[in-house]
1. So His11 fits all but one of (1) open to solvent by less than 30 Å² (accessible area, probe 1.4 Å); (2) over 17 Å from the mean Cα position of the chain (by Cα); what number is the exception?
2. Hey, among Thr177, Thr136, which residue is more than 23 Å from Arg60 (Cβ to Cβ) and polar (S, T, N, Q)?
3. Return yes or no: is Arg63 among the basic types (Lys, Arg), under 19 Å from Ala111 (Cα atoms) and open to solvent by 30 Å² or more (accessible area, probe 1.4 Å)?
4. Among the residues of the range 61-75, write down those that are touching a residue at least 24 places away in the same chain (Cβ under 8 Å) and assigned to a helix (DSSP H, G or I).
5. Failed condition for Ala193, given (1) open to solvent by 60 Å² or more (accessible area, probe 1.4 Å); (2) over 17 Å from Asn112 (Cα atoms); (3) touching a residue at least 12 places away in the same chain (Cβ under 8 Å), with all others met?
6. On the given criteria, is Lys117 among the charged types (D, E, K, R), under 17 Å from the mean Cα position of the chain (by Cα) and surrounded by fewer than 18 Cβ atoms within 10 Å (Cβ to Cβ)?
7. If I filter the range 187-200 down to residues being at pLDDT 95 or above and in contact with a helix residue (DSSP H, G or I) (Cβ under 9 Å, 6 or more places away or on another chain), which single residue comes out as nearest to Arg17 (Cα to Cα)?
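The values are calculated or read from the model by the stated rules, or taken from the named source; none is laboratory data. Values in this document were obtained by computation on a predicted structure and should not be read as measured data. No Cβ is skipped: glycine too gets one built from the backbone with ideal geometry, and neighbour counts run over all protein chains shown. Accessible surface areas use protein heavy atoms only, side chains included; no ligands, DNA or RNA. Shrake-Rupley method; radii C 1.70, N 1.55, O 1.52, S 1.80 Å.
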Amino acid sequence: MTEIGYVHRLHAGAPSRPILIVLHGTGGDENQFFDFARQLLPEATVLAPRGDVSEHGAARFFRRSGEGVYDMADLSRATEKMATYVKAFAEEYRASRILGLGFSNGANILANVVIEKGIFDAAVLMHPLIPFQPETQSTLVGRKVLVTAGQRDPIAPTGMTEALSAHLTGRGAEVRTVWHPGGHEIAPLEINAVREFLGDY
């Protein structure tokens, strides 16, 4: 079952340790965060899929018609596929926890899986953009989320980042938001925040 889904890189960790799913941004691939994830949690299983949608040659996890304009039917398809994929690997490797880290488009699919399926115990959302009001209202009590973002990010505006954090908090998740003064780039203070957040696992 786990052979069907995405092109990916995989490091099989120790049994009964977490699995960490790392999800690249638009134009990235399975290598973007793989080594970083290995360093973060050396004993964990690390799974890095490549997005199955091509946007002018750039890999993504779901389609869009413009910046911040999502193909909602394809987002639904991608969310179902990712949830099934993650659960299959977590069961196969007997993971103690399911953790996720995503940047930009990777953060967006990760956020929607958390919103719709809740299967992640903890998630790092780096520069997410959810340009719609989620309808799902099931509890996220017990889930931990780290949101990192740039105060001058032209792709993920601060208001939308704050709205996503508020939505997750309102459903019971424990949410921490870390800002840096720049744009859509990943800043060193974000890396430090991720290390601290995932260090508990």
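1. All conditions are met except number (1).
2. Answer to the selection: Thr177.
3. yes
4. Met72, Leu75
5. It fails just one condition, (1).
6. In short, yes.
7. Leu198
Residue by residue, here is whether (1) out of contact with any His (no Cβ under 7 Å at 6 or more places or on another chain); (2) surrounded by 15 or more Cβ atoms within 10 Å (Cβ to Cβ); (3) assigned to a helix (DSSP H, G or I) holds:
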position	(1), (2), (3)
Val46	no, yes, no
Ala78	yes, yes, yes
Met82	yes, yes, yes
Glu91	yes, no, yes
Arg94	yes, no, no
Gly100	yes, yes, no
Ala107	no, yes, yes
